[in-house]
Structure formats: structure tokens, C-alpha cells
Amino acid sequence: MITVKLHLNLTNYTGKQRVEIPAAEPVILKDLLEEMGVPIGEVGLIVKNGRWNTAECSLSDGDIVELFPYLSGG
């Protein structure tokens, strides 16, 4: 299973904070986000297994990905 943790307003796209996805073979994160209905343009920070990464990263069984939206304020 691949675990995707969504933070703040990104949960609006899935209705969940945590999504478990079966992983028979590796998948590219941006493709997975498209399937989940999460616009990549809304994702500001990607953390895969505790390390910063990009939407082009490959995910396999056991990976944990945390997604954070762009933050703004002043």
C-alpha cells in the first residue's frame, strides 16, 4: 500500500486526510494525484518517506507521501 496524507485544504479534493492505495507496481506521484482528483498546481510541498521530493517521484509499496498546499499570508 502507498499511503498519501493530505494536509489543510488538500483534503477538500478527497474528503479524507489519509488515502491508502494498493501498489502492485511503482507509480509516478503526479499520475496518482490526477487519478485522485488533486490538482498538482495546488500542491506546494511533497514529502516522501520523510524527505522533500517532487511530483515526478516514483512511489512503491510501503511509501508514505505527505502533501501540503501552498501557504500564503503576511
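The values are calculated or read from the model by the stated rules, or taken from the named source; none is laboratory data. Predicted model only: the values in this text are computed from it and were never measured. Every residue, glycine among them, receives a Cβ derived from its backbone with ideal geometry; neighbour counts consider all protein chains shown. In case anyone asks, the SASA skips ligands and DNA or RNA and just uses the protein heavy atoms, side chains included. Shrake-Rupley method; radii C 1.70, N 1.55, O 1.52, S 1.80 Å.
So the values come out like this:
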quantity: Which numbered condition ALA23 misses (of (1) touching a residue at least 40 places away in the same chain (Cβ under 8 Å); (2) in a strand (DSSP E or B)); calculated: (2)
quantity: Count - residues of region 15-35 that are surrounded by fewer than 16 Cβ atoms within 10 Å (Cβ to Cβ) and closer than 13 Å to LYS5 by Cβ; calculated: 4
quantity: Matching residues, region 38-52, being part of a loop (DSSP other than H, G, I, E, B) and either of a type in the set (Phe, Trp, Tyr) or open to solvent by less than 40 Å² (accessible area, probe 1.4 Å) (or both); calculated: VAL38
quantity: Residue list for region 55-74, filter: in contact (Cβ under 8 Å) with a residue 12 or more places away in the chain, open to solvent by 40 Å² or more (accessible area, probe 1.4 Å), at negative phi and over 10 Å from the mean Cα position of the chain (by Cα); calculated: GLU56, SER58, SER60, ASP61, TYR70, LEU71
